[in-house]
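All remarks here apply to the structure that follows.
The values are calculated or read from the model by the stated rules, or taken from the named source; none is laboratory data. It should be emphasised that the depicted structure is a prediction, and the values quoted were computed from it without experimental measurement. Cβ coordinates were reconstructed from backbone atoms using ideal geometry, including for glycine residues, and neighbour counts include every protein chain displayed.
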Amino acid sequence: MMTKITRLSELDLNRTYSYADYLTWRFEETVELLRGKISLTSPAPNIKHQSISRNLLVEIGYFLKNKPCKVFDAPFDVRLYERKKSLVANHDCMDAADRATQGVVAEEIYTVVQPDLCVICDPAKLNIRGCLGAPDWIIEILSKSTAQKDTQTKYQLYQEAGVKEYWLVYPYEATVSQFVLNEQTESYQLLAMFSKQDKAVPFLFPELTIDLSEVFAR
């Protein structure tokens, strides 16, 4: 059994950690694991961020009611791995909730993120610890401290993991960039850019129309 870590200061920010390490952390700070490197999350989001997140959660949640797909908001662990690097393995020190499906185990996972919002349509990806594998749709609401991570690092990670649709929400510009994964090239394509006056339609859910004037309303 691995030793539990109770203080962030006990960790080496230059070291590469796995999800197996992540499971031993018991400190108050919230962190993400990006390609094995610790990434500190921002302080508590401001009211603009929280208002946008809540409005989107309500809209999407109402649409998905009684449907197989489910929407989750942060904090919610999403464990990602490259689809091509899925290995067959087992580990008798991990309980069933710690093991990944499709042959991936905790020691082989080096990315754990907490998206602002995510939609998951495959119930097999859900267990008591969150989501294991790529959600179908992820929404990140940018702030000054997270903009680079959301538009570059997470963009690449979500693309590699196979997240089908990725929205970047810019609170102060009141705009949304909609990216959709091209299955042939396995890369994102910018499908649309929406402003506050628009009604945004997810590629995965064309029956859902989101009035952005209400989403960005104060």
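Points to keep in mind about this one:
- Flag if Tyr166 is in a helix (DSSP H, G or I), of a type in the set (Ser, Thr, Tyr) and crowded, with 20+ Cβ neighbours inside 10 Å: no
- Test: Glu28 is touching a residue at least 60 places away in the same chain (Cβ under 8 Å) and not hydroxyl-bearing (Ser, Thr, Tyr): no
- Lone unmet requirement of (1) more than 21 Å from Ile60 (Cα to Cα); (2) surrounded by 15 or more Cβ atoms within 10 Å (Cβ to Cβ) for Thr185: (2)
- When the stretch 196-207 is filtered for residues that are over 21 Å from the mean Cα position of the chain (by Cα) and surrounded by 14 or more Cβ atoms within 10 Å (Cβ to Cβ), the ones remaining, listed by number, are Lys196, Asp198.
- Single residue of the stretch 122-156 satisfying the filter (of a type in the set (A, V, I, L, M, F, W, C) and crowded, with 19+ Cβ neighbours inside 10 Å) that is farthest from Glu173 (Cα to Cα): Leu132
- Against the criterion of being surrounded by 14 or more Cβ atoms within 10 Å (Cβ to Cβ), over 25 Å from Ser51 (Cβ atoms) and of a type outside the set (S, T, N, Q), Glu160 qualifies.
- Filtered residues of the stretch 146-192 (kept if in contact (Cβ under 8 Å) with a residue 40 or more places away in the chain and more than 17 Å from the chain's Cα centre (by Cα)): Pro171, Tyr172, Ala174
- Matching residues, the stretch 44-75, being farther than 20 Å from Pro135 by Cα, without any contact (Cβ under 8 Å) to a residue 40 or more places away in the chain and not polar (S, T, N, Q): Ala44, Ile47
- When we screen Ile38, Ile5 for residues that are surrounded by 13 or more Cβ atoms within 10 Å (Cβ to Cβ) and over 25 Å from Tyr155 (Cα atoms), the only hit is Ile5.
- For the stretch 45-83, filtered to residues that are among the hydrophobic types (A, V, I, L, M, F, W, C) and within 24 Å of Tyr19 (Cα to Cα), the residue that is nearest to the chain's Cα centre (by Cα) is Val78.
- Among the residues here, Leu191 does not qualify as more than 21 Å from Arg79 (Cβ to Cβ), aliphatic (A, V, I, L, M) and touching a Pro at 6+ places or on another chain (Cβ under 8 Å).
- Within the stretch 60-94, considering residues that are at pLDDT 60 or above and under 11 Å from Ala106 (Cα atoms), the one surrounded by the fewest Cβ atoms within 10 Å (Cβ to Cβ): Tyr81
- Counted residues, the stretch 37-51 - those being closer than 16 Å to Asp12 by Cα and out of contact with any Lys or Arg (no Cβ under 9 Å at 6 or more places or on another chain): 1
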